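Following: one structure in C-alpha cells, then a few remarks.
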Amino acid sequence: MTTTTLSPADRQQLMLQAVAAGERVFGLPLEHNPLAPATARHAAQPILQSWGLEEDQVYDLLLVISELVTNAVVHAQPPVVLHLHATADEARSVQVHVSDGGPQPTTHPGGWAAQRPEDEHGRGEAIVTTLTDCAGSDSDTDGLIDHWATLDAA
C-alpha cells in the first residue's frame, strides 16, 4: 500500500467514485491532544454500525482506532486524521488509516502519556496485530505518515 497526496478536488472525485462503487468511506481530522482517541471512537462507532458490522467487529475496530490515534498523538506531530474505508467486494474488509505529521523531535519530553504509569505503555502494536489481518505504515514525500490496519469484516 502506498500513500498518495491528493488535492481537495481529487479527494472529492475519489470519494464520489468510492461511493458509486458501493464502498464506504469516512474521514475525520482530529485535534492533536489527549481527547483525540475518544473523539475518534465516538465518531467512528455509529459509522461502523451503520455499515452493518457485527458488534464484536465494531468493538475490535474501535480498539484499533484508539491505539492508532493514541500513538499518533503521543509520538507524532500534527495533523492527525482518521480515515475508514469499507470495501464492497466479497472479502468485505474495513481499513483503518491514521495519518500524522511524522515523528516528534527527539527533544520532545513525551507530554501527557509520559506521565502515565509504565505498565500502561507498549501494548498497542500487539493489540493491533492480534485484532487485524494486516497492518503497517507508509510515508509520503511531504513527511506525512499513514498507519493502517485491515480487518476482515466478512
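Nothing in this text is a laboratory measurement; each read-out follows from the coordinates by a stated rule. For clarity, every value in this text was computed on a predicted model and none was experimentally measured. With ideal geometry, Cβ positions are generated from the backbone for all residues, glycine too; neighbour counts draw on all protein chains shown.
Relative to the present Cα-Cα distance, how much length would full extension add between Ile127 and Asp152 at 0.36 nm per residue of separation?
Stretched fully, the Ile127-Asp152 segment lengthens by 7.4 nm.
Would you work out the Kirkwood radius for region 22-152? I mean one over the mean of 1/r across all pairs of different Cα atoms, in Å.
15.1
According to a simple spin-label model (label point 7 Å from Cα along Cα-to-Cβ), what is the distance in nm between Asp89 and Asp140?
Distance between the two pseudo-spin positions: 2.3 nm.
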